[in-house]
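Read through the structure below, which is laid out as structure tokens, and then see the notes.
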Amino acid sequence: MTDAHPPRKPRIALMGEFSAGKSTLSNLLLGARPLPEKVTATRLAPVWMSYGDTPAYRVLVDGSTEPVSLDQLE
């Protein structure tokens, strides 16, 4: 029997209270600082991060996408 679905990347969900350190922990695990670590960062929408060669983008409320400059996230 053959599995018709390709293997899925592992997923990790970080959840917690506002300003609990989720972005700080994410940045520590990634070895970089793509997520802002400020008090105002608690207003961020949910963030989905994935490793790969695809350029970074964000999905807007209407479902459209736009490119994201990782150097200018803050």
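The values are calculated or read from the model by the stated rules, or taken from the named source; none is laboratory data. Every value quoted in this text rests on a predicted model; they were computed, and no experiment measured them. All Cβ positions, glycine included, derive from the backbone under ideal geometry; neighbour counts span all protein chains shown. Accessible surface areas use protein heavy atoms only, side chains included; no ligands, DNA or RNA. Shrake-Rupley method; radii C 1.70, N 1.55, O 1.52, S 1.80 Å.
Please name all residue pairs, on different chains or six or more residues apart, with Cβ atoms under 7 Å, provided the first residue is in the range 33-53 and is within 11 Å of Ser23 (Cβ to Cβ) and modelled with pLDDT under 70 and the second residue is open to solvent by less than 90 Å² (accessible area, probe 1.4 Å) and not in a loop (DSSP other than H, G, I, E, B).
Ala41/Ser23
In the range 12-28, what residues are of a type in the set (A, V, I, L, M, F, W, C) and in a loop (DSSP other than H, G, I, E, B)?
Passing the criteria: Ile12, Ala13, Leu14, Met15, Phe18, Ala20.
Checking Thr65 against (1) over 14 Å from the mean Cα position of the chain (by Cα); (2) at pLDDT below 85: exactly one of these is not met. Which one?
Of (1) over 14 Å from the mean Cα position of the chain (by Cα); (2) at pLDDT below 85, only one is false for Thr65: (2).
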